[in-house]
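Single-structure report; data block below.
The values are calculated or read from the model by the stated rules, or taken from the named source; none is laboratory data. Just so you know, these numbers come straight off a predicted model, no measurement behind them. So basically every Cβ, Gly included, is an ideal-geometry build from the backbone, and we count neighbours across all protein chains shown.
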């Protein structure tokens with residue numbers, strides 16, 4: 001069953017762009033402090049040059065699928081193990097992703113890049129989220145390791161009984177049982193009860209053929 005995208009305008013784009021700017025500034029300050037600390041540890045820089053830490057910056061991801069998603073698009077993401085629910089904030093156009101760049105190139109491992117500054121980085125991340133009124137992929141405050149670069153508005157997820165969530169689960173079952181797409185084991189374990197009616201209905205339809 002098809003369902004339309006949410007057409008309500010939100011300020012999620014503006015907030016996440018502001019968040020990305022805040023984190024770029026925070027990382028620049030961390031880098032400057034690290035350079036000064038390294039210089040203090042190695043006074044004779046001519047003889048013992050220390051490689052400066054990388055330049056870390058953030059920007060909002062422009063890929064359309066990271067914005068508003070139809071139930072079918074969300075079902076495909078769940079099957080691909082790139083999303084874990086059928087009622088997320090992308091389905092109401094109230095979530096975005098940010099990208100991290102390390103010396104101008106995409107990077108994903110913040111802990112490895114920031115090294116001993118990672119704790120301060122996470123503190124800055126939580127402060128920027130609070131400033132911009134954003135939540136993590138669990139709908140909570142602060143850094144979330146499971147899907148760190150996902151940001152959403154508070155209370156922006158749809159109900160499990162919403163027509164869009166129902167359509168997503170129906171499409172997920174079709175993709176994984178009929179089309180041969182991969183099953184998301186974590187999703188199926190966590191929401192077995194919610195998924196069961198759609199699996200049973202699919203099996204009944206298949207049996208009648």
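One table, with the values for the structure above:
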| item | result |
| --- | --- |
| Residue 202 more than 20 Å from residue 70 (Cα to Cα) and touching a helix residue (DSSP H, G or I) at 6+ places or on another chain (Cβ under 8 Å) | yes |
| Top-ranked residue in region 66-86 [being in a helix (DSSP H, G or I) and in contact (Cβ under 8 Å) with a residue 24 or more places away in the chain; ranked as farthest from residue 198 (Cα to Cα)] | 66 |
| Residue count, region 161-192 (criterion: exposed (fewer than 14 other Cβ atoms within 10 Å of the Cβ) and within 19 Å of residue 81 (Cα to Cα)) | 9 |
| Top-ranked residue of region 89-138 - restricted to ones that are in contact with a helix residue (DSSP H, G or I) (Cβ under 9 Å, 6 or more places away or on another chain), within 17 Å of residue 66 (Cα to Cα) and without any contact (Cβ under 8 Å) to a residue 24 or more places away in the chain, ranked as surrounded by the fewest Cβ atoms within 10 Å (Cβ to Cβ) | 138 |
| Residue that is more than 18 Å from the chain's Cα centre (by Cα) and closer than 25 Å to residue 57 by Cβ, where the choices are 175, 114 | 114 |
| Region 172-198 residues that are at negative phi and without any contact (Cβ under 8 Å) to a residue 24 or more places away in the chain, paired with ones that are surrounded by 12 or more Cβ atoms within 10 Å (Cβ to Cβ) and part of a helix (DSSP H, G or I) (beta carbon under 8 Å, 6 or more apart) | 188/195 |
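Yes/no per residue for (1) surrounded by 12 or more Cβ atoms within 10 Å (Cβ to Cβ); (2) over 30 Å from residue 190 (Cα atoms); (3) at pLDDT 90 or above; (4) in contact with a helix residue (DSSP H, G or I) (Cβ under 7 Å, 6 or more places away or on another chain):
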{"site": "39", "(1), (2), (3), (4)": "yes, yes, no, no"}
{"site": "48", "(1), (2), (3), (4)": "no, yes, no, no"}
{"site": "53", "(1), (2), (3), (4)": "yes, yes, yes, yes"}
{"site": "64", "(1), (2), (3), (4)": "no, no, no, no"}
{"site": "69", "(1), (2), (3), (4)": "yes, no, yes, yes"}
{"site": "77", "(1), (2), (3), (4)": "yes, no, yes, no"}
